[in-house]
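Here's the structure, in structure tokens; my notes come after.
The values are calculated or read from the model by the stated rules, or taken from the named source; none is laboratory data. Treat the numbers as computed from the prediction; the structure is a model and nothing was measured. A quick note on method: Cβ atoms are made from the backbone with ideal geometry, for glycine too, and the neighbour counts reach across all protein chains shown. These accessible areas exclude ligands, DNA and RNA; they are computed on the full protein's heavy atoms, side chains included. Shrake-Rupley method; radii C 1.70, N 1.55, O 1.52, S 1.80 Å.
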Amino acid sequence: MKVTVVGAGAVGASCAEYIAIKNFASEVVLLDIKEGFAEGKAMDLMQTASLNGFDTKITGSTNDYSKTAGSDICVITSGIPRKPGMTREELIGINAGIVKTVSSSLIEHSPNTIIIVVSNPMDTMTYLVHKTTGLPKNKIIGMGGALDSARFKYRLAEALGAPISDVDGMVIGGHSDKGMVPLTAHATRNSVKVSEFLSEERLNQVKEDTKVGGATLTKLLGTSAWYAPGAAVSGLVQAIACDLQKMYPCSALLEGEYGLNDLCIGVPVILGKNGIEKIVEINLSDAEKAHLAESAEGVKKTNGLLEL
């Protein structure tokens, strides 16, 4: 099992680290355009192998895509990160060109790969990969919902005063501050609906805090977060690599599901060896359907800025 991570910055390096620590891949290739940067990150990470007890080989490459040949899964994190006050949508001009070039270079050397898109605006970048590569729809996945759901569960556990292992919840919709749809009515604490423990007002606060989760961190850190995004990617990669048939909310190309067409947006999917094995349609309330439709309109508006 060979995994390539393009972009050796904070998110990419964290992704490589978490994949290696889980010890399910034989090799992780880190690739970056900055001379020596990926090689240095790879060497630093390999020097933790004996300390962290993993055997995954991590190698670095400066823009040499031949080193990525035969990758089963490729992760695209490259692009400029958000700065305080920026929306994910404002990154589209620069990042679209980067993602288009990177995805075509990866497929040239690994034509049967599965691509996971992390670069922002993530739903639109995922759609761009669909429109420009010709890969089957099940092999292109946007990582957003897995991260947003982790942030949702963090906020739920905080509000409940509960260990996070007690909490389950999901965020669907667009990976944007306005587009996220945290499914509070479906969230549970050890199978009991969280509405049994929290007031509607407190649940609404959890929802709003979740939606600005990335912006909150960007304001505090001065750049985008990296630990949770890296961990979220590693979870998706492991589900595919180990054929776990695990459900995650991911950005997938919809063709009628949830009444939506010709866009990528976060919905529950089953991940296995073929990538997206199935899109899961869950029952939504009228309010949730309306929020998802509104989110889809926002994603389509951003997609309209692409030069396809």
Completion exercise
Reduced to Cα centres, the span from region 23-91 to region 155-170 in Å works out to 31
Problem - Selection from Gly304, Gly145, Leu236, by position along the positive dipole direction of the chain (Cβ) - result: Leu236
Exercise for the section: Apply the Karplus parameterisation 6.51 cos²θ - 1.76 cosθ + 1.60, with θ equal to phi minus 60°, to every residue of region 283-296 and state each ³J(HN,Hα) to the nearest whole Hz, in sequence, with x for glycine and proline. Expected result: 6, 10, 6, 4, 5, 5, 4, 5, 5, 5, 5, 5, 4, 4
Exercise for the section: Report, by chain and number, residues whose modeled amide H sits under 5 Å from the one on Asp177, excluding near sequence neighbours (fewer than 5 apart, same chain). Expected result: Arg88
Practice task
Please find the FRET efficiency linking Lys83 to Glu208, where r is the Cβ-Cβ separation and R0 is fixed at 22 Å, and quote it to the nearest 0.05.
Solution key: 0.50
Exercise for the section: Could you state the accessible area per residue of region 144-291 in Å², with a 1.4 Å probe and every protein chain left in place? Expected result: 45
Practice task
At a Cα cut-off below 18 Å, give the aspartates and glutamates reachable from Lys139, other chains included and same-chain residues fewer than 8 away excluded.
Solution key: Asp72, Glu108, Asp123, Asp243, Glu255, Glu257, Asp262, Glu277
Problem - Projected label distance in nm at Ala69 and Lys289, using a 7 Å step from Cα toward the beta-carbon - result: 5.2
Completion exercise
A correct Karplus calculation of ³J(HN,Hα) over region 102-116, with 6.51 cos²θ - 1.76 cosθ + 1.60, θ = phi - 60°, whole Hz and x for Gly and Pro, returns 5, 5, 5, 5, 5, 5, 4, 9, 9, x, 9, 6, 9, 10, 10
Handout entry: Rounded to 10°, Cα long-axis angle of helix 227-241 versus longest principal axis of the chain
Key = 80
Problem - Accessible surface of the chain, 1.4 Å probe, proportion on carbon and sulfur as whole % - result: 51
Exercise for the section: Would you work out if region 82-137 is rounded, prolate or oblate? Take a ≥ b ≥ c from the square roots of the eigenvalues of the alpha-carbon gyration tensor; rounded if a/c is under 1.5, else prolate when a/b is larger than b/c, oblate otherwise. Expected result: prolate
Problem - 10 Å binning of all Cα-Cα separations within the chain, expressed as whole percents from 0 upward - result: 6, 29, 36, 22, 6, 0
Problem - Student exercise, region 1-147 dipole from Lys, Arg, Asp, Glu Cβ charges, in Debye to nearest 20 - result: 340
Practice task
Provide the per-residue ³J(HN,Hα) series for region 30-41, in order, calculated from phi with Karplus coefficients 6.51, -1.76, 1.60 and θ = phi - 60°, each as a whole number of Hz, with x at glycine and proline positions.
Solution key: 9, 10, 8, 7, 6, 4, x, 5, 5, 4, x, 4
Practice task
Report the percentage of all Cα-Cα pairs in region 1-159 whose separation exceeds 18 Å, rounded to a whole percent.
Solution key: 59
Practice task
Would you work out if region 217-262 is rounded, prolate or oblate? Take a ≥ b ≥ c from the square roots of the eigenvalues of the alpha-carbon gyration tensor; rounded if a/c is under 1.5, else prolate when a/b is larger than b/c, oblate otherwise.
Solution key: oblate
Exercise for the section: Give, as ranges by residue number, the residues of region 199-231 whose backbone N falls under 16 Å from the point 7 Å along Cα→Cβ of Ala185. Expected result: 200-201, 203-204, 207
Exercise for the section: Taking the Cα centre of the chain as origin, sum charge times position over the Cβ atoms of Lys and Arg (+1) and Asp and Glu (-1), and report the length of that vector in debye to the nearest 20. Expected result: 220
Fill in the blank from the handout: Counting only residues 5 or more apart in sequence or on a different chain, those whose built amide H sits under 5 Å from that of Ala187 are Val194
Practice task
Round to the nearest 0.05 the FRET efficiency obtained for Asn274 and Glu201 when R0 = 45 Å and r is the Cβ-Cβ distance.
Solution key: 0.55
Problem - Mean Cβ count within 10 Å, highest first, over the residues of peptides 217-230, 3-16 - result: 3-16, 217-230
